[in-house]
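Data first, discussion second: the structure below is written as structure tokens.
The values are calculated or read from the model by the stated rules, or taken from the named source; none is laboratory data. Keep in mind the model is a prediction, meaning the values are calculated, not measured. For neighbour counting, all protein chains shown are included, and Cβ atoms are generated from backbone atoms with ideal geometry for every residue, glycine included.
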Amino acid sequence: MSLGGDTGMPQQDAQHDFAIARRRRALAKLRERLRHEPDDVSVILPFEEVVEALGRRSERDLGLQSITLDSIVGTVGRRRSEFDRSFRPASPGVRGRWERIATARRRGEAMPPIDVYRVGELHFVVDGHHRVSVARALGDTHIDAYVKEVRTKVGAKRELVLRDLPLKRHERIFRERVPLRAELWDRIQLTDEWRYALLATLVEAWGLRACHDREQLLSRAEIAEAWFHEEYEPVVALLAEAGIGGTGTGTERYVRIAMLRYLLLTRQDWSDEVLEQLLGEVEHPAVASEDTMVLQILKELK
């Protein structure tokens, strides 16, 4: 069970386990640096920041459950410097309590369940950080936990890292402004947070014109549904068929061409004439180069 074997002396074995866990933490940091991975790849996730970015909807008590240790990647109110995302000890300051728990484990003492919040596929420790760390170090795969689930407007998958939070925050705001059904929302894919705000503005502008054309006031949900089927789907298909719009997802190609249409032509409709003008501008730019957004879009369309 132990990282360092079993000598029959629980306290000494626990000390050795802590030393090995700390060494594994150092080796993990070294691998990240050598692979030029982002600095936050192993940073423990802060519960409040994650929930604020995703948008809290509701909370419910799920009671006692057995949860997988590798789903525990965050903390509630703990200093990030004490443990990393894999709950390896990141500070020598946690040694005393860590070794006491490891010693008790080696003596066969039962550990009380930990307390966690569940957000999407992730768990955040309220109480039991050292127990999680010791359990992972000793090779456990599951741990008993009292679970409270926090439901959020935007989901959280296992791969969520700290640098994703600004993108998730903008994604949440976009969902509030453009309330698409779940199966349609899954087809909206953006990788830069600022594009969510831009896309929401494009949808709202389209919706204003749609209300005028229909001579009736549409709800946000009705505008979102109509925009997706009448504007977004056919334009994305057209861009894919014509092989234009630059790299990236269909949504990113749509945002580029729709924004370029608005900036250059101040229009919200599509026609053969509009497309010809836009394609001509992409191939032979005639725009005065002071509009940095136009220049950026043209660059991405190449």
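Looking only at region 185-212, count how many residues are among the hydroxyl-bearing types (Ser, Thr, Tyr) and touching a residue at least 24 places away in the same chain (Cβ under 8 Å). Talk me through it step by step, then tell me what you get.
From region 185-212, those among the hydroxyl-bearing types (Ser, Thr, Tyr) are 191, 196, 201; that's our starting set.
After this cut, where a residue has to be touching a residue at least 24 places away in the same chain (Cβ under 8 Å) as well, the list is 191, 196.
Counting residues in region 185-212 that are among the hydroxyl-bearing types (Ser, Thr, Tyr) and touching a residue at least 24 places away in the same chain (Cβ under 8 Å) gives 2.
Look at region 204-223 and say how many of its residues are out of contact with any Pro (no Cβ under 8 Å at 6 or more places or on another chain), farther than 19 Å from TYR262 by Cα and small (Gly, Ala, Ser).
1
Please find, within region 141-176, the residue that is farthest from PRO112 (Cα to Cα) out of those that are of a type outside the set (Val, Ile, Thr) and modelled with pLDDT of 95 or more.
Here is the first cut: in region 141-176, the ones of a type outside the set (Val, Ile, Thr) are 142, 144-146, 148-149, 151, 153, 155-160, 162-172, 174-176.
Next, from what is left, pick out any that are modelled with pLDDT of 95 or more: 142, 144-146, 148-149, 151.
Values: HIS142: 13, ASP144: 8, ALA145: 9, TYR146: 10, LYS148: 17, GLU149: 20, ARG151: 26 Å.
Filtering region 141-176 for residues that are of a type outside the set (Val, Ile, Thr) and modelled with pLDDT of 95 or more, the one farthest from PRO112 (Cα to Cα) comes out as ARG151.
Tell me, please, whether a residue that is among the polar types (S, T, N, Q) and part of a strand (DSSP E or B) can be found in region 85-94.
Step one: of region 85-94, the residues among the polar types (S, T, N, Q) are 86, 91.
With part of a strand (DSSP E or B) added as a condition, the list becomes none.
No, region 85-94 contains no residue that is among the polar types (S, T, N, Q) and part of a strand (DSSP E or B).
Name the residue that is surrounded by the fewest Cβ atoms within 10 Å (Cβ to Cβ), counting only residues in region 53-90 that are under 17 Å from VAL116 (Cα atoms) and of a type in the set (Asp, Glu).
To start, the set of residues in region 53-90 that are under 17 Å from VAL116 (Cα atoms) comprises 56, 58-80, 83-87.
With the extra rule that they be of a type in the set (Asp, Glu), the set shrinks to 59, 61, 70, 84.
Details: GLU59: 12, ASP61: 8, ASP70: 14, ASP84: 21.
Selected residue: ASP61.
Given the conditions (1) within 24 Å of MET111 (Cβ to Cβ); (2) in contact with a Phe, Trp or Tyr (Cβ under 9 Å, 6 or more places away or on another chain); (3) not basic (Lys, Arg), which single one is not true for VAL51?
(1)
Would you pick out the residues in region 71-87 that are among the charged types (D, E, K, R) and closer than 16 Å to ARG24 by Cα? Explain how you work it out, then say what you get.
Step one: list which residues in region 71-87 are among the charged types (D, E, K, R), which gives 78-80, 82, 84-85.
Within region 71-87, GLU82, ASP84, ARG85 qualify.
Which residue out of ASP17, ASP39, ASP13 is surrounded by fewer than 16 Cβ atoms within 10 Å (Cβ to Cβ) and among the acidic types (Asp, Glu)? Explain how you work it out, then say what you get.
Details: ASP17 fails: surrounded by fewer than 16 Cβ atoms within 10 Å (Cβ to Cβ); ASP13 fails: surrounded by fewer than 16 Cβ atoms within 10 Å (Cβ to Cβ).
Of the residues listed, the single one that is surrounded by fewer than 16 Cβ atoms within 10 Å (Cβ to Cβ) and among the acidic types (Asp, Glu) is ASP39.
Does region 33-47 contain at least one residue that is part of a strand (DSSP E or B) and touching a residue at least 24 places away in the same chain (Cβ under 8 Å)?
Of the residues in region 33-47, the ones part of a strand (DSSP E or B) are 45-46.
Still in the list and also touching a residue at least 24 places away in the same chain (Cβ under 8 Å): 45-46.
Yes, region 33-47 contains at least one residue that is part of a strand (DSSP E or B) and touching a residue at least 24 places away in the same chain (Cβ under 8 Å).
Going by what's in this entry, would THR251 be described as in the same structural domain as ALA200 (by TED's automatic domain parsing), in contact (Cβ under 8 Å) with a residue 40 or more places away in the chain, hydroxyl-bearing (Ser, Thr, Tyr) and part of a helix (DSSP H, G or I)? Steps first, answer last, please.
Details: in the same structural domain as ALA200 (by TED's automatic domain parsing): yes; in contact (Cβ under 8 Å) with a residue 40 or more places away in the chain: yes; hydroxyl-bearing (Ser, Thr, Tyr): yes; part of a helix (DSSP H, G or I): yes.
Taking the combined requirement at face value, the residue satisfies it.
Of GLU121, GLU82, GLU37, which residue is out of contact with any helix residue (DSSP H, G or I) (no Cβ under 6 Å at 6 or more places or on another chain) and either over 21 Å from PRO166 (Cα atoms) or at pLDDT 90 or above (or both)?
Working: GLU82 fails: out of contact with any helix residue (DSSP H, G or I) (no Cβ under 6 Å at 6 or more places or on another chain); GLU37 fails: either over 21 Å from PRO166 (Cα atoms) or at pLDDT 90 or above (or both).
On inspection, the qualifying residue turns out to be GLU121.
Go through (1) under 22 Å from the mean Cα position of the chain (by Cα); (2) assigned to a loop (DSSP other than H, G, I, E, B) for THR7 and report which single condition fails.
Every condition holds for THR7 apart from (1).
When you go through LEU54, LEU69, LEU64 one by one, which is the residue that is of a type in the set (A, V, I, L, M), over 29 Å from ARG175 (Cα atoms), in contact with a helix residue (DSSP H, G or I) (Cβ under 7 Å, 6 or more places away or on another chain) and modelled with pLDDT of 95 or more? Show your work before the answer.
Details: LEU54 fails: over 29 Å from ARG175 (Cα atoms); LEU64 fails: in contact with a helix residue (DSSP H, G or I) (Cβ under 7 Å, 6 or more places away or on another chain).
One residue alone meets the criteria, LEU69.
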